[in-house]
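The values are calculated or read from the model by the stated rules, or taken from the named source; none is laboratory data. The structure displayed is predicted, hence computed values, not measured ones. Neighbour counts are summed over all protein chains in view; Cβ atoms, including those assigned to glycine, are modelled from backbone coordinates with ideal geometry. Side chains included, ligands, DNA and RNA excluded: accessible areas come from the protein's heavy atoms. Shrake-Rupley method; radii C 1.70, N 1.55, O 1.52, S 1.80 Å.
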Amino acid sequence: MSIDKAKPDFIFESSWEVCNKVGGIHTVLSTRAKTLQTLFKDKIIFIGPDLWIGKDNPEFVENKTLLKSWRQHAEKNENLNVRVGRWNVPGKPIVILVDFSPYFECKNELYFQMWNKFKVDSMHAYGDYDESCIFAYAVGLTLKSYYLFHQLENNKVVAHFNEWMLAMGALYIKNQLPSVATVFTTHATSIGRSIAGNNKPLYAYLNEYNGDQMARELNMEAKHSVEKQAAWHVDCFTTVSDITAIECKQLLNKEPDIVTPNGFEDNFVHQGAVYDKKRKLARETLINVAKQLTGSPVSEDALLISTSGRYEYKNKGIDVFIEAINRLRIDKNIQKEIVAFILVPAWIKEPRKDLQNRLKEKSFKTKALPNPFITHELFDSHNDKVLNYLHYLQLLNQKNSKVKIIFVPSYLHGNDGIFNISYYDLLVGMDLTVFPSYYEPWGYTPLESIAFNIPTITTNLAGFGLWARHEEGISGGIMQGVEVIDRTDYNYFDVAEKIKSVIADYTLKSQDEIIQARNAAGTSSGKASWAEFIEYYLSAYDIALKKIKHINIKE
């Protein structure tokens, strides 16, 4: 750490996704944990929701001797119900899981206090607002209890809160413990995501949008209000990319104090013979499922492509991906077989029994199964956007087509019933990935892809894509591992055509060129490691600590 930076004695970081794998924030925190643990051995403490009471949480290893005296005091004297242990991720940091359910009865009093002190408007709350804010309040109570019990008044303490769900916790600590340096990170503004998700042009009119007005129009007042007030009142406000910083400035009327881009740890990326073995197994599995589902043979050297992420049909560019694959299908010049996979969890009933039976039999059947483009049964399939678009385009895996597309609507934890291989162990079998995001504050999926030596296509509307475009050694396109395509509010079909062209060109690459692109992808991923990016977080802690007036910084 730089000699002029204030170094925290303790860091408390909280998120809904601590020991709770929901989305990208989980990846941010769980991969950054190792670097922080190295720098602040057991002085970095994560706080998450205890959602697994009475059940086994594979990410949480309880240790009843850790923080025992405080935990017993908190339970006996403050009615705090917490469990303490280690987060089962690299670095194994200390984690506190808090049961927040008892505090729902305090909701009205809490919301009044937040209005009275910070003008947080909770009047129009709905959905997950109550659950998130009550958890954030419980985090505040937990942190306050620990701080007072251990008499940390003379220590440099940072409390870091992630996303609007923890904003009320940041405000609570700011009010109750003004000597604690507060950091609040918005990974995506709630109102920006809502504008994009409601098919309104976010970028062309961004300078004209008023965040408060749009929150009223889109019924987002409560989430927007608590997020905005946290951004304004904490000691350091951060976001994850330059593109989201612009969004914050316009919609929250607050420019972030610093941009803290999301890094990545590749310690789970296998190397050498193990990598080759896993890639071989993944390709065999993917090709076998494609064959048995479609009733068509698939060449061992077929180009395997995928997109993945949350089921945000427009924001993640799933619609554009399908359009690009359709354009490949109708291109008569395509000679190489292509199988595209949409690895996006949806509302599934169960794995397809008929497909399971074929996979068990192992013998290849030349008759396609019904709906030979989906691997699992869905609830309410008639209203599924992916299936509807496949039907609209007649992209139904006809036998004479060299281009196939398969929707895998299940979480890939290794027990989905069809592949029974985890996401990363399937990803390693791909040749290309495509993430044509419309709204993507950072974009872990393309970064994960290149970490596994899989070249990727993304857009300049993803924070990662914008970063890659300006990073020396990455900006040269797919042969350097990352192709960044210009996307706007209105060039949907141009983007699809560009993706199609990049893929078509890639099918013509020689084996040596493919190896070069794959190696370049792996090299490029190293530029976004936590070893490179942790300095931004250390700067954020420094900014926050230096705003706490009574601390005399002495390094």
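Summary table
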quantity	calculated
Chain lengthening between Glu255 and Asn288 when straightened (0.36 nm per residue, less Cα-Cα)	6.8 nm
Over 32 Å between alpha carbons, listed pairs Lys5/Lys316; Lys92/Lys278; Lys55/Lys76	Lys5/Lys316
Radius, Kirkwood style, for the stretch 158-258 when every pair of distinct Cα atoms is counted (Å)	13.5 Å
Accessible surface of the stretch 430-555, 1.4 Å probe, proportion on carbon and sulfur as whole %	48 percent
Per residue value of the accessible surface for the stretch 10-114 (all protein chains in place, 1.4 Å probe), Å²	44 Å²
Accessible area of the stretch 160-293 divided out per residue, in Å², using a probe of 1.4 angstrom	36 Å²
Listed residue pairs exceeding 23 Å between alpha carbons, taken from Lys367/Lys402; Lys21/Lys277; Lys367/Lys509; Lys336/Lys399; Lys280/Lys336; Lys21/Lys249	Lys21/Lys277; Lys367/Lys509; Lys21/Lys249
Sites matching chymotrypsin sites (Phe, Trp or Tyr not before Pro) across the stretch 376-461 that sit in DSSP coil, with at most 13 neighbouring C-beta atoms within 10 Å	Phe379
Of the chymotrypsin sites (Phe, Trp or Tyr not before Pro) in the stretch 467-555, those whose Cβ has at most 12 other Cβ within 10 Å and which sit in DSSP loop	Tyr490
Three-way shape label, the stretch 195-303, alpha-carbon gyration tensor, a/c 1.5	prolate
Beta bridges per DSSP with both ends in the stretch 409-555, % antiparallel, nearest 5	20 percent
Pair-distance profile P(r), taking every C-alpha pair of the stretch 49-201, with 5 angstrom steps and integer %	2, 8, 15, 19, 21, 16, 10, 6, 2, 1, 0
Considering only the chain, percent of DSSP beta bridges that pair antiparallel, nearest 5	20 percent
Neighbour-limited loop hits for chymotrypsin sites (Phe, Trp or Tyr not before Pro), the stretch 114-173 (at most 11 other Cβ within 10 Å; DSSP other than H, G, I, E, B)	Tyr126
Cross-link partners of Lys254 among aspartates and glutamates (Cα-Cα below 20 Å; sequence separation of 8 or more within a chain)	Asp121, Glu163, Glu208, Asp212, Glu221, Glu227, Asp235, Asp242, Glu440, Asp542
Exposure of Arg469 as accessible area (Å², to 10), given a probe of 1.4 Å and all protein chains	80 Å²
Distance between modelled label sites at Asn267 and Asn400, nm, 7 Å Cα→Cβ extension	5.5 nm
Candidate residues Thr366, Thr239, Thr507: accessible-area rank, largest first, probe 1.4 Å	Thr366, Thr507, Thr239
Net +/- balance of residues flanking Val339 in space, Cβ distance below 11 Å, scoring K and R +1, D and E -1	+3
The chain - percent relative contact order, Cα under 8 Å, separation 6 or more	15 percent
Set of aspartates and glutamates with alpha-carbon distance to Lys498 below 12 Å, sequence-local pairs under 8 removed	Glu323, Glu483, Asp486
